Amino acid sequence: MPGGSLPDGEPLPDGGSLTGAQVLALFDAQLTSRLLDLAGRWLRGFGEGYYTIGSAGHEGDAAVAAALRPTDPALLHYRSGAFYCLRAAQAAGAFPSAPPPDGSPARQDAVDPHAPSTSREQRSEGQDEDGAARRDAGAGPPACPGPGAAGGRDAGAGLGVGVGVGVGRADSPERVGVEEAGSPDRAAGEAAPLPVGAGVTVDADGDATVGVPDLPLPSLDDAYAAAARDVLRGMVASAAEPIAGGRHKVFGRADLAVVPTTSTIASHLPRAVGLGLALERLRRAGGDAEAAAWPPDAVVVCSFGDASVNHATATAALNTAGWYDHTGLRIPVLFVCEDNGLGISVRSPEGWVAAALRSRPGIRYFAADGTDVVETYRVAAEAAAWVRRHRRPAVLHLSTVRLMGHAGADAETAYRSSAEIAADVARDPLLVTARRLVAAGYADGAELLARYDERGWQLRRIAEEVLDEPKLASPVEVVAELAPRRPVRVSRAVADSAAHAAGPGAGARAEAFGGKPPELTGPLTLAQSINAALADGMLDHPRMAVFGEDVAAKGGVYGVTKGLREKFGAARVFDTLLDETSILGLGLGAGLAGMLPVPEIQYLAYLHNAEDQLRGEAATMRFFSRGAFRNPMVVRVAGLAYQEGFGGHFHNDNSVAVLRDVPGLVVAAPARPDDAAPMLRTCLAAARVDGTVSVFLEPIALYHSRDLYAEGDGEWLAEYAEPGAWADRHVPIGRARVYGVGSAEDLTIVTFGNGVRMSLRAAATLADEGIGSRVLDLRWLAPLPVADLIREASATGRVLVVDETRRSGGVGEGVLSALVDAGYVGAARRVAALDSFVPLGPAAHQVLVSEEAITQGARTLLAR
């Protein structure tokens, strides 16, 4: 070979459509991942590494990455290190291309994984009918790669059985004789196949010299080194880590289309389904392809372990994908189950994972030996092509092994026999790939070991470099990306929406409302005001979608979404299956795809089934991606108690502690119709501007309330503001509303939701007794309106907290803590619901706050 160059575009014998250069690139990704696992334990050994869960045994997933495009969004399992390294090479154009069909020189750019596979007629001679290369039966595996190890190539490796040709290095060729006593499959006189890249010279005596060029050693700054630097920075919690910035060790980078996941068991799968559904809806809707977050024909890939198959979130995601497929909707998602048979120490029963995945209706099943990159690539390419072509979900079940235990501290000898561990070692994916390269004559063992050693020293140098990088060193640095607030921009966005509704969008708005916009229909209830604000939001945000249980055809169980589907179509207002985890997952994926999702959770009590989708997924996306990814979302939740004639704790839940505990999550609780619309507009604007995730908590008992003090007074109704007034009536996040009753000098009542109506009525009773009150409606439960709270508390020096949630973990605890932290020195008292579930019927009044309890609490406070 002139200049020692290798024919990179030539298919590797027994490698299917993969070329030798591609298999070598896969090997590079695999060994980089393995060495990262070792580096993690080395770093941990002297207290500088903080993550030792590795990918050892799962490195075959590099072939899954190779079978996909580098623009396909990937949500990766924590054992997908080789996938990440190969994706980095793809994005950098460092993964060699497949041979073009016309035989012209291969381009040195990323491979098209969906190019036609090499036919059997095009493969090298020396293969049997099933495509397996015929090689010397005695050719053994190279020694296990390791720093300082030595290895060599079997003399017959890569050649046909019975052919006595030794393969020497190019710089010291071995002179051998060529025999023609080939296998019975070879015609008489047919020459034995030569190793890929081999050069042959024949001297005057007729003796042949076969030489194979040296493999180039890894570059010091190649794509694998860059990927390794990313991962090592994550292990040492470096602030320079490109995705989480030292906040967590995750696989993620925006330019690689790798979305960070937090490693909670399968919690990212519902998001992957939502992303697939959103991508397909956006593709069918058309629009500006340049502005789209992902290519229109993208395939979503998400990997997970076999133990995760049993988890509720995995079950929800797989069920939802199949459910939508059954209804005819398309979701282009490739689930990749990396099955090593263990969940830490708990074994997956033999055949269980395959049976569970095969039985999923609407999901195409593919399976491959995940330790063999050739088989994995072939099946993964087939699966990815099927998903891309049909826009339907599939699952790729990879049989893998787990090497080096679950994590650094895991002594697996306590629960696994030495024979079982040895059996896994024999299937080591690195050795399987090395054997293929050696058997094909593309490399010898010594070259691969030298490659391993060189990469190992390279990673050692990088590890030492990242150790010196700064860590997050202050609270401000840590929370900087948690949930940034830009209230001025949000206010401007609301003003822009108003200007559009009153100007260019006026015609469409009039048509949507049937010529009678809500500001002309008279006073509205809380439910009607929210309905009108949702319609205005849909008009203003073309990518906004409203979905949930019963929201479309029925218009919601309380009529809050009535008429929206008729106005905006079934693609933007649609019913979902009965599963809150999946509803939130759809929202998470839609937000990631560039939509503005507004999912509805039918009742607050139903949210508790799916809380981790908000805590572990929605609220962490910005935090673990430094804002590179975001999932804007406004989650409407009907909740709180006092529902007349329809009760029980599932329909009268008064527990919001889990929501207030989620860092960065905004919790809005409008009580009045004239607050609900502007607060909803604020949440929608914050989602667009800052990627904010909000929970819009709607008090069920106030949905259709009309009166405040007396029957028929209509004082709980309110006019809907015309667009020209939206900017002036804007309600910023974290700002309260104050009502003065009487002199408003004696007492400050702090409350929210149903408590506002009860407190205003109680304040009227107190006013008749000569007690002046100011009622502070918090409106926002997270973040609390602390500045307004302190101001109004200090104005009277007496604070009565009226909290319809429970005494333990309720909102009142946060209010009182805020007062103490601010140095408030006045009197304070709390009236709250008992620590009880809400019972059915009249018994509910025994545990909930009442007007009588409020007035009595006020009198007791004033008597001090």
Q: Would you mind checking the stretch 61-81 for residues with the amide N under 20 Å from a putative spin-label position 7 Å along Cα→C-beta of Ile344?
A: 77-80
**Q.** FRET efficiency estimate (nearest 0.05) - Cβ-Cβ, Val658 to Ser794, R0 41 angstrom
**A.** 0.85
**Q.** Candidate lysines - alpha carbon under 27 Å from Lys554, same-chain residues fewer than 8 apart omitted
**A.** Lys516, Lys562, Lys567
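Where in the stretch 331-436 are there chymotrypsin sites (Phe, Trp or Tyr not before Pro) that are in a DSSP coil and have at most 16 other Cβ atoms within 10 angstrom of their Cβ? Walk me through the numbers before you get to the answer.
Values: sites: Phe335, Trp352, Tyr365, Phe366, Tyr377, Trp386, Tyr415; in loops: Tyr415.
Answer by residue number: Tyr415.
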Q) Counting other Cβ atoms within 10 Å of each Cβ, which GluC sites (Glu not before Pro) in the stretch 342-391 have at most 11 and sit in a DSSP loop? A) Glu350
Q.
Between the stretch 334-394 and the stretch 746-805, what is the separation of their alpha carbon centroids in Å?
A. 57 Å
Q. Using alpha-carbon pairs under 8 Å, 6+ residues apart, how would you state the relative contact order of the stretch 650-695 in percent?
A. 40 percent
Q) Between Ser417 and Glu715, what length comes free when the chain is fully extended (0.36 nm per residue of separation minus the Cα-Cα distance, one decimal in nm)? A) 99.8 nm
Q: Check cross-link reach from Lys471 to the lysines: straight Cα distance under 25 Å, and skip same-chain residues fewer than eight apart.
A: Lys249
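Could you tell me what percent of the accessible area of the stretch 556-647 is made up of carbon and sulfur, with a 1.4 Å probe and every protein chain present? Numbers along the way, then the final one.
Details: 1360 of 2660 Å².
That fraction is 51 percent.
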**Q.** Label-point gap, in nm, between Val478 and Lys562 - each point 7 angstrom along Cα→Cβ
**A.** 4.9 nm
Q: For the stretch 309-443, just the Cα set please: Rg and Dmax, both in angstrom.
A: 17.2, 51
Q) In nm, what is the difference between 0.36 nm times the number of residues separating Ala239 and Ala502 and their Cα-Cα distance? A) 90.1 nm
Q: Find the relative contact order for the stretch 714-790 and round it to a whole percent, using C-alpha pairs within less than 8 Å whose residues are 6+ positions apart.
A: 39 percent
Q. Where in the stretch 579-661 are there GluC sites (Glu not before Pro) that are in a DSSP coil and have at most 16 other Cβ atoms within 10 angstrom of their Cβ?
A. Glu644
Q | Shape category assigned to the stretch 396-523 from the gyration tensor of Cα positions, a/c cut at 1.5 | A | prolate
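With charges set only on the Cβ (+1 for Lys and Arg, -1 for Asp and Glu), what does the dipole of the stretch 702-830 come to about its Cα centre, in debye to the nearest 20?
Details: 14 positive and 18 negative charges, 97 e Å.
About 460 debye.
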**Q.** Average accessible area per residue (Å²) across the stretch 395-512 - probe 1.4 Å, nucleic acids and ligands excluded
**A.** 44 Å²
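The values are calculated or read from the model by the stated rules, or taken from the named source; none is laboratory data. Note that this is a predicted model, so its numbers are computed, not measured. Methodologically, a virtual Cβ is constructed for each residue, glycine included, from the backbone with ideal geometry; neighbour enumeration extends over all protein chains shown. Accessible surface areas use protein heavy atoms only, side chains included; no ligands, DNA or RNA. Shrake-Rupley method; radii C 1.70, N 1.55, O 1.52, S 1.80 Å.
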